1. With the Cα gyration tensor of the stretch 150-273 in hand, give its eigenvalues times 5 under a square root as the equivalent ellipsoid semi-axes, listed largest first in whole angstrom.
2. Please list, or write none, the lysines whose alpha carbon is within less than 27 Å of the alpha carbon of LYS717, excluding same-chain residues fewer than 8 places away.
3. Pick out, from GLN325, ALA285, THR356, the residue whose Cα sits farthest towards the positive end of the charge dipole of the stretch 237-385, with +1 on the Cβ of Lys and Arg and -1 on the Cβ of Asp and Glu.
4. Given 5 Å bins starting at zero, what is the percent of C-alpha pairs of the stretch 411-521 in each, up to the one with the largest pair distance?
5. Could you give me the radius of gyration and the Dmax of the chain, taking only the C-alpha atoms into account and expressing both in angstrom?
6. Would you mind getting me the FRET efficiency between THR247 and HIS270? Use the beta-carbon distance for r and R0 = 30 Å, nearest 0.05.
7. Evaluate 2.2 N^0.38 Å with N set to the residue count of the stretch 408-466, then give the Cα radius of gyration divided by it.
8. Using Cα pairs closer than 8 Å and at least 6 residues apart in sequence, work out the relative contact order for the stretch 516-637, in percent.
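The values are calculated or read from the model by the stated rules, or taken from the named source; none is laboratory data. Predicted, not measured: the structure shown is a model, and the values here were computed from it. Methodologically, a virtual Cβ is constructed for each residue, glycine included, from the backbone with ideal geometry; neighbour enumeration extends over all protein chains shown. Accessible surface areas use protein heavy atoms only, side chains included; no ligands, DNA or RNA. Shrake-Rupley method; radii C 1.70, N 1.55, O 1.52, S 1.80 Å.
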Amino acid sequence: GMNAAVRAVVRMGIYVKAKVYFVYEGYQGMVDGGDNIVEVSWESVSSILQVGGTVIGSARCKSFRTREGRLQAAFNLVQRGITNLCVIGGDGSLTGANLFREEWSGLLEELAQKGKIDEDAVKKYAYLNIVGMVGSIDNDFCGTDMTIGTDSALHRIIEVVDAIMTTAQSHQRTFVLEVMGRHCGYLALVSALACGADWVFIPEYPPEEGWEDSMCVKLSENRARKKRLNIIIVAEGAIDCHNKPITSEKVKDLVVQRLGFDTRVTILGHVQRGGTPSAFDRILASRMGVEAVLALLEATPDTPACVVSLSGNQAVRLPLMECVQMTQEVQKAMDEGRFVEAVRLRGRSFENNLNTYKLLSHKKPDAELPKTNFNVAVLNVGAPAAGMNAAVRAAVRVGITEGHKMFAVIDGFEGFARGKIKEISWGDVGGWTGQGGSILGTKRTLPAKYLEKIADQMRTNNINALMVIGGFEAYLGLLELSAAREKYDEFCVPMVMVPATVSNNVPGSDFSIGADTALNTITDTCDRIKQSASGTKRRVFIIETMGGYCGYLANMGALAAGADAAYIFEEQFDIRELQANVEHLTEKMKTSIQRGLVLRNENCNENYTTDFIYQLYSEEGKGVFDCRKNVLGHMQQGGAPSPFDRNFGTKISAKAMQWISKKLKETYRKGKVFANTDDSVCLLGMRRRNLVFQPVAELKTETDFVHRIPKEQWWLKLRPLMKILAKYKTSYDVSDSGQLEHVAMHSPKEAETGAI
């Protein structure tokens, strides 16, 4: 994702009429100067979006740690009139940048005394501004929910785990996987959550004394339950409670000696740093890059050096040194054995991951489980979306832990009416996280025409609460069921909806399960198409994406793939705009970048169809470029779920189930559950920074029911970003850009509001 950040900084810089330079090979290049510091143009960053690593190179630099080295670096920058630095790296690089900034005026004085620069230069370049972006696959930087590169590393890990699962299934093996993370267990924890691993070892949460016994008991129990494979994930920095390392070999030997299981070790190593960046990383890095340029433009000598980062779904700016200090605090807490503190300092997203993992991985013996005598049904509604199964698994396991009897409904409301409902156990959902589509089966049918039959089924099976995982139909379905409460008492029970649809068009939530996987599919396909277009030269591809009337996939796909335009329903366009796009591409063909990519949402305009746009471009581009079209279709609904969707599905669903338990307790009166208020039918959605339960009745006013989209959508703010990066003149609304905040130490109370 570093290249996406580099591209965004260069293009936004040029857009605001700044001169932009590359410093090759990190600080080493800044010290060496010469050809390592080069002014760049728009085209310099073409075709780098889909490349892993960084095109400008990176190096650990000894000389920059000395004052002489920094003196030389300052001289090289002043010669070119550079006083704004954008640094992409981990806490070491960022701390170095901050020191450089603090010493800057002293360094210039010294250069003037030595006669290397004149007094005017000292005055003219008196201040150095710095903004940081955190690029680190470990996600070990405090203050940021996600660092650039983390999501891509998770993609690599999950690809490997999915492949290993198939071989382990065949051979009944135990696999010990070692993932990166010397000081931070994020990758290990999240991948364990995303693949349903049996055991995970991380530095922040060492296992209790006697873990060897409990792990072996757990593994043999799983085998006894007919589970054919065991997966144990070890972070390379894993330790026990005496601060002694726990290595993957040690874990393997233990399993072999005690249980005699056929066990293999796989060390993932540098695979995790490589490969193509995921869609999430490209969009994150592009947003951060633009935000970084804005932060530099607004910086004054008095503002502290800042890092731009993401909190929830919100771009924020934080003082660099506060983040660095807090990151070092975590290490200190771990060294001193204050592990609870270490987990808290890592931030609420880390803490939530850990709690959810603990909740879902270990089944308590039946004797220890509470018994509530409540029955809860789970169903999928709408079109299939990757991640639905992870959500069902989490719901079932949390429900069982809370003491309920869990029921699975097959084939949505239609199946419900036909009585396709069965009790589902802890073991039944094992291995579901990595499965695409919907194992329970899902239908678009709404409940209105089956109300009588569904009410019968709820009475027969004594269902006390409903959890619906699905898209816009699920939302409409809950509205219909709550309207039918007057007639049928059976529907007077707590109901909750978890949004899952590739279209991401559910009101009340910024994200829905399945959209990230679809976005990755679109991005991968666009990468391949761009390659084909680059080979043939002077070719423009028109690609149609799904989404109904919602332009999320087209717009975000365009941002992640580096497209020239995206046509969406939410932003009406006319023939003049189409003409302008064609002229824009004609101009582009005169440069060294001789290819074009245009995305079109399937319903963006009933008359300007994909065929129409293809024919228009073909005619207008005659002699300059030729055209091809591609309809992506249902491949966008399939595939193995991305790490983001597995995780988001797991966490949001677990939270929804806990809400159901709370509501059941509140509404249980005189031997029965009776809930008929609006706040007992909710949608759980991600809103900016938090997970919020919203009564579906209140979301009505926010919904455009004709086009099945929310009236206001956050991602439309990113529309100008895409246009700027594609070289269009447009105005960028900076009102939403981050103001400088402080790193919040969250209190345990706040953790309950639920960040993702």
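1. Semi-axes (√(5λ), whole Å): 21, 19, 11.
2. LYS17, LYS19, LYS530, LYS588, LYS651, LYS700, LYS727, LYS729
3. THR356
4. Once binned at 5 Å, the Cα pair distances of the stretch 411-521 give 2, 11, 19, 23, 19, 14, 8, 2, 1.
5. Taking only Cα atoms of the chain, I get Rg and Dmax of 27.3, 92 Å.
6. Efficiency at R0 = 30 Å is approximately 0.95.
7. Against the empirical 2.2 N^0.38 Å value, I get 1.21 for the stretch 408-466.
8. 40
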